[in-house]
1. All other residues with a Cβ under 12 Å from the Cβ of residue A:50 taken together, and with Lys, Arg as +1 and Asp, Glu as -1, what is their net charge?
2. Give the long-range amide H neighbours of residue A:299: residues separated by 5 or more places, or on another chain, with amide H under 5 Å away, using H modelled in the peptide plane at 1.01 Å from N.
3. Measuring from a point 7 Å out along Cα→Cβ, what nm distances, shortest first, does residue B:341 have to its partners in the other copies?
4. Roughly how many Å is it from the Cα centre of the range A:80-108 to that of the range B:208-228, as a whole number?
5. Antiparallel versus total DSSP beta bridges in the protein assembly as shown: what percent is that, nearest 5?
6. So, how do all the Cα-to-Cα distances of the protein assembly as shown break down into 20 Å bins, in percent, from 0 on up?
7. With θ taken as phi - 60° and the coefficients 6.51, -1.76 and 1.60, list the Karplus ³J(HN,Hα) couplings across the range B:183-193 in order, rounded to whole Hz; mark glycine and proline as x.
8. At 7 angstrom along the Cα-to-beta-carbon line, where would the label on residue A:284 sit relative to the other copies? Give the distances in nm, shortest first.
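The values are calculated or read from the model by the stated rules, or taken from the named source; none is laboratory data. Bear in mind that the values here come from a model prediction, so they are computed numbers and not experimental data. So basically every Cβ, Gly included, is an ideal-geometry build from the backbone, and we count neighbours across all protein chains shown. Heavy atoms of the whole protein, side chains included, go into the accessibility calculation; ligands, DNA and RNA do not. Shrake-Rupley method; radii C 1.70, N 1.55, O 1.52, S 1.80 Å.
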Protein chains: 2
Amino acid sequence: MHDSIEYSTLTSVKYSFASRRLAATALCAGALLLGSTTALAWDGLVEKQHFEMDEYTTVSGATIAPVRIGWEAYGTLNEAKDNVILVTHFFSGTSHAAGRYAEDDAAPGYWDAIIGPGKPLDTDEYYIISSDTLVNLNAHDPNVTTTGPASINPETDEPWGLDFPLVTIRDFVEVQKALLESQGIEQLHAVIGPSMGALQAYEWASAYPDRVERLIPVIGGGQSDPWLLATLSAWAAPIRIDANWNDGDYYDGEPPLDGLREALKLVTLNANHWQWANETFDRSWADEDADPTRDIHARYAIEQTLDDIAAARAEIADANHLLYLVKANQAFVTGHGDSLEAGLADIDAPTLILYSENDLVFAPEGVRDTADMIGADGTSVELVTLDGNRGHLDGVVGIDQAGDRIRAFLAE
Amino acid sequence: MHDSIEYSTLTSVKYSFASRRLAATALCAGALLLGSTTALAWDGLVEKQHFEMDEYTTVSGATIAPVRIGWEAYGTLNEAKDNVILVTHFFSGTSHAAGRYAEDDAAPGYWDAIIGPGKPLDTDEYYIISSDTLVNLNAHDPNVTTTGPASINPETDEPWGLDFPLVTIRDFVEVQKALLESQGIEQLHAVIGPSMGALQAYEWASAYPDRVERLIPVIGGGQSDPWLLATLSAWAAPIRIDANWNDGDYYDGEPPLDGLREALKLVTLNANHWQWANETFDRSWADEDADPTRDIHARYAIEQTLDDIAAARAEIADANHLLYLVKANQAFVTGHGDSLEAGLADIDAPTLILYSENDLVFAPEGVRDTADMIGADGTSVELVTLDGNRGHLDGVVGIDQAGDRIRAFLAE
């Protein structure tokens, strides 16, 4: 993955990290003993915060008033405000990239493996900020704040429903930019994100090349290719079939939960890979008393597991938000201009792209083409493959394997 | 793909084929001039025929009475009845493997590229027979005869609906066996079929090793692995969500066409590959006046094409039959016994497995494992990869590339 010069660099970085981590741990322990709340190292607890704009005009010219989004940060913004890393989230994700909201949270944020004191996105060094996108999928998660079809339209005092304007990845970026500017942040040490987060990262670097110093797109290409257009279409379909969807007007009745669950099941399945399915499951039945070869309603264990995951996710998700996310992702071509080549040529930031050759969502060929187009004018681009049996998801659950390379890239 | 000895064999076979084809063409032309209907070479026209059993008891012990299935044959059964090749069809397929029902049919059967006078499955030499399975998907196609939930249950004079018993790939084989026996056929020169047809082929060779002389499974493994269990589950889901499905009771009302269409769209998408999508389509809109980034109901061209294919297929398909096919495929483990290894060990026929490394339905790893298990006791097995950009479907639309190998294998 790395040549020998890079490897030796990584080794020295690792060494200094180890020293620093020991120091930070010592500080933490000291702080705890003293009952202090001013430990230098981030304690891993996160407070969800909110940002509001009185109104926002989308790239397509529609006005949304107000816009509220949630955000969280790890580490401390320095005085020069030049230590900022923006983390952009994936399709079904939220701002919760690291840490825990409460000590007893079952799991930390999705990229906790690489964000924290002494970790590759080192909270001792960087101010790492992440925000919920517009039309965030998890609109009914108490830890998510977003604006979309499920939000109240102040003009009608009713949820927007399908009257909410379609938004794009560029709109996500514009709202993030306003959030950053509200904190006086003009420059980004890096933008990094997986999947739909990669799309936001490409768009940031293309739209604002003077503000983005480093670009790390993970498991995402420079556009939605036809395969992804079709895959996203398949994700939307179960919701549209569900009679409760009612053309998006369901907020005073039963939501289209069956359709939403099935959509989320497809997301889970497509984001994985047959290697994962076949190494994780066997042909066991979900219920040892219900033989799926004898009963049309009985299921296998893998079906049950995927259904259970989907059901849990559907509890806090909104069906219209999923449809809007599908549209935003389908619409994506870096730069949103006449050509993908031109949009990617606008990127000047040195770029580290992490991807999986087994990705069934973003075709690896498209990711490699993206790298070629960014590099065509001499911009530095490095492609690093991720291993694992998860396919697309190796960029989320297997990100730790790229930690050393990310750490070094951030220091370059 | 082949060693040099095999290659030289193929060359000589090709030569004799060319000579025979010329002779056959001359005979055909002569027959046409004379108005004769007794040309030796098959003229490419197919007559659909029907086979009925007064009753059939499934492997699980349920009785279906009567059972009717359609069948067709290409070539002539010889007196010894030892020139029979059985072709078993795929999930959404029918008995129509080759030829045309009428001169002006838009397209011939799905494997016409390898079935016909002088072709690898040479109708001048073999009697090639294919039948519609039980619970065939295309229950409303006038050229299909099948028995399943959409059939009338004589006991009630109503369609069976979900009262129809679940059936398995082994049941498909048993009904085919009865069909063959009705023609006095006890031995099969070969069994060949793609995808679900491969499952039937494995089952034939495992259940009746003394009757199957050669086995050619195409794009299919020896069992439904967990990945396939989940994929099939996803195909079933849109139908179950459609309110018109009504727990399978829709034959006196509106059928669940929206769900059926979406199920068939998933089948088409999963049976293909991102290479095909991205080489065949671009990001064009379905309607140049309906911008999919501005209108939540507007689509891209690839969505429209997949929807159109699905809509056409849904016209002649039955939703319950699809659910029953899902169950039959999910239930499949060669031999339907205690272990896959034992079921595959029962296969004695020399085996030629054709598969694609880009197959997203049957994981290539599972196909290779299947070959290993068949060969573990010394049975001859050859694995041949199929190229192309269609993934799974390269075994249907790209079968001609393996024609020479199939021809040689049938002559071995």
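1. -2
2. A:286, A:287
3. Those label-point separations list as 5.7 nm.
4. Their Cα centres are 48 Å away from one another.
5. Around 40 percent antiparallel, to the nearest 5.
6. In order of increasing distance, the bins hold 15, 42, 30, 12, 1, 0 percent.
7. 9, x, 8, 10, 10, 10, 4, 6, 10, 9, x
8. Reported distances to equivalent positions: 5.0 nm.
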